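Okay, so here's the structure we're looking at.
The values are calculated or read from the model by the stated rules, or taken from the named source; none is laboratory data. Because the structure is a prediction, the values reported are computed rather than measured. Heads up, the Cβs are rebuilt from the backbone with ideal geometry, glycines too, and the neighbour counts pull from every protein chain shown. To get the accessible areas, we keep the full protein, side chains included, count just its heavy atoms, and leave off ligands, DNA and RNA. Shrake-Rupley method; radii C 1.70, N 1.55, O 1.52, S 1.80 Å.
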Amino acid sequence: MSNGSPFFITTPIFYVNDVPHIGHAYTEVAADVLARWHRQAGDDTWLLTGTDEHGQKILRTATANGVTPREWADKLVEEAWLPMLKTLDIRNDDFIRTTDDRHGKNVKKFLQHLYDGGHIYAGEFEALYCVGCEEFKPDSEIVMGTGEYEGVKVCAIHSKPLELLQEKNYFFRMSDFQDRLLALYEERPDFIQPASARNEVIAFVQQGLKDLSISRSSFDWGITIPWDSTHVTYVWFDALLNYITAVGYGENEEEFSRRWPARHIVGKDILRFHAVIWPAMLMAAGIEVPKSVFAHGWLLVGGEKMSKSKLTGIAPNEITDTFGSDAFRYYFSRAISFGQDGSFSWEDLNARYHAELANGFGNLASRVLAMNARYYSGSIPSPGTITDADREIQSIAERAAIEANKAIEAFQIHEALAHVWTVVDALNGYITDQEPWALAKDESARERLGTVLYTATEGLRVLAVLLSPVIPRATEKLWAALNAESALGALVEQNIRNAGIWGQLPPGNPVEALEVLFPRVESSS
Ligand code: MSP
């Protein structure tokens with residue numbers, strides 16, 4: 001077990017009313033790339049993901065399908081959500097379901113603790129609710145509908161009519177925490193990232209916080225309120241607590257203090273829950289607030305947020321079946337600035353796949369290994385005298401490793417990849433300039449050929465390590481072809497923060513030919 005610094009990263013837990021689309025998969029991949037990187041840096045890493053199974057939305061879907069909500073959730077988890085993690089090679093350390101016993105019983109403990117501390121009271125309530133968001137909507141997110149909903153108040157996100165709810169509810173005194181929240185955002189500028197997300201939250205809280213309705217009594221699919229069995233816990237209040245119940249809150253103090261606080265990765269549509277409600281809940285309970293909340297943007301299809309309800313949803317395997325999971329992971333990590341919206345298009349995916357993965361990286365790896373086989377009978381030559389051109393490659397590799405690590409620590413996944421790609425581009429240029437095939441024809445250039453091939457092969461070693469969090473399958477194949485395991489150990493054991501230290505592959509190490517890492521995909525159009 002690692003004894004490095006703690007790195008606990010979470011994804012949102014996903015609603016099981018429907019099957020995953022690439023917007024959900026995007027969040028998973030981002031969190032997994034960050035987790036794999038930190039794990040490989042020796043940090044005490046924990047990646048948590050899971051499913052959000054209570055609430056009206058799931059109850060309605062289950063009822064419409066003629067099954068109980070529990071049956072529905074079990075089916076979706078087994079048939080859709082867990083398979084998605086597999087499809088994308090997500091290496092999560094845990095998967096929590098809000099129907100787990102470890103969750104329910106500790107949600108009750110948390111609620112009781114807040115109730116005993118005077119943070120919860122009973123009150124009357126009437127407001128407009130969006131079942132899609134599972135939220136009473138603030139005025140700023142209520143708009144007039146168009147088309148079939150002309151003249152009706154609809155949710156600005158879902159464009160579906162809101163429901164007027166009138167109930168006796170329990171309320172959390174969230175308004176008590178307004179000043180402490182503003183002080184938190186001020187004292188810890190990195191608490192909410194990126195800066196645009198932070199500004200939005202500050203402006204929202206400055207307008208004034210209302211108390212939060214945290215129970216419902218008109219249906220029973222949820223966690224019962226411990227002091228009043230006629231109410232169930234509001235689904236968001238229940239869901240947010242997964243981040244602590246999964247790591248031992250209420251029952252395993254040692255585990256809890258080892259993991260908590262977390263870094264949360266969320267879509268910008270659910271930022272307010274994580275950056276306002278959640279820290280206020282924790283403050284009330286006397287628990288440390290999260291390390292940070294990072295809001296990523298939306299995947300847009302045809303200019304709109306991709307969603308199943310708007311029929312723009314694309315299933316992850318539509319992409320992986322053709323391009324493979326590595327390409328999925330690479331494309332979304334590279335093509336979209338993490339924190340901004342990004343448009344998905346098949347053309348862009350196809351173009352980047354061929355230009356960057358197949359030609360830029362895959363071809364480079366195959367050519368270099370083939371030249372080792374052809375000119376040195378499959379064993380890495382010793383480098384001779386080093387020239388400026390070789391030194392340039394070494395320093396590009398060293399710089400890329402340092403800069404990529406800095407970018408990952410700042411959640412800038414796309415920038416990290418751009419730094420790594422300076423090595424791919426530099427090596428391709430180096431091979432073109434050095435013309436090893438020409439050196440091979442000249443017996444007197446034998447030493448130079450050895451230096452060039454050593455440099456290129458060691459460059460591949462650097463790339464295999466730096467790219468393994470993003471394209472784990474291809475880099476494992478490359479590691480195997482480099483026979484690096486016997487000399488250096490398993491790929492996932494390579495300390496990624498030392499990846500740029502030059503000269504790790506021993507000369508004389510046997511290498512093998514490499515199968516095509518990213519085969520060409522014939523366009524169907
Ligand atoms: N269950 C809540 C989260 C509770 S966390 C305590 C929820 N679930 S969700 O299934 O609707 O969404 C999960 C995540 O998927 C959110 O981060 C959301 O932003 C993300 N995405 C859904 N559609 C998306 C896109 N089109 N693009 C990018 N991310 C998207 O909200």
The one condition Ala284 fails out of (1) hydrophobic (A, V, I, L, M, F, W, C); (2) open to solvent by 10 Å² or more (accessible area, probe 1.4 Å); (3) within 12 Å of the ligand (Cβ to nearest atom); (4) more than 19 Å from the chain's Cα centre (by Cα) is (3)
Within the range 292-317, of all residues that are without any contact (Cβ under 8 Å) to a residue 12 or more places away in the chain and under 23 Å from Thr87 (Cα atoms), the one nearest to the ligand (Cβ to nearest atom) is Thr312
Would you please name the residue that is most open to solvent (accessible area, probe 1.4 Å), looking only at residues in the range 265-281 that are within 11 Å of the ligand (Cβ to nearest atom) and of a type outside the set (A, V, I, L, M)?
-> Lys268
Kindly provide the set of residues from the range 121-176 that are of a type in the set (Lys, Arg) and open to solvent by less than 60 Å² (accessible area, probe 1.4 Å), ordered by number.
-> Lys137
Being over 24 Å from Gly267 (Cα atoms) and either modelled with pLDDT under 95 or in contact with a Cys (Cβ under 8 Å, 6 or more places away or on another chain) (or both) is the filter here, so list the residues in the range 167-214 that pass it.
-> Glu167, Lys168, Asn169
What residue, among those in the range 1-59 that are in contact with a Lys or Arg (Cβ under 6 Å, 6 or more places away or on another chain), open to solvent by 10 Å² or more (accessible area, probe 1.4 Å) and among the polar types (S, T, N, Q), is nearest to the ligand (Cβ to nearest atom)?
-> Asn17
Is at least one residue of the range 215-228 at pLDDT below 95, basic (Lys, Arg) and more than 14 Å from the ligand (Cβ to nearest atom)?
-> yes
Output the residues belonging to the range 142-178 that are aliphatic (A, V, I, L, M) and touching a residue at least 60 places away in the same chain (Cβ under 8 Å).
-> Ile157, Met174
Please report, ordered by residue number, the strands (runs of 3 or more DSSP E) entirely within the range 83-148 with at least 2 residues that are aromatic (Phe, Trp, Tyr).
-> 120-130
Here the residues within the range 232-258 that are open to solvent by less than 10 Å² (accessible area, probe 1.4 Å) and under 30 Å from Ser337 (Cα atoms) are Ala239, Leu240, Leu241, Asn242, Tyr243, Ile244
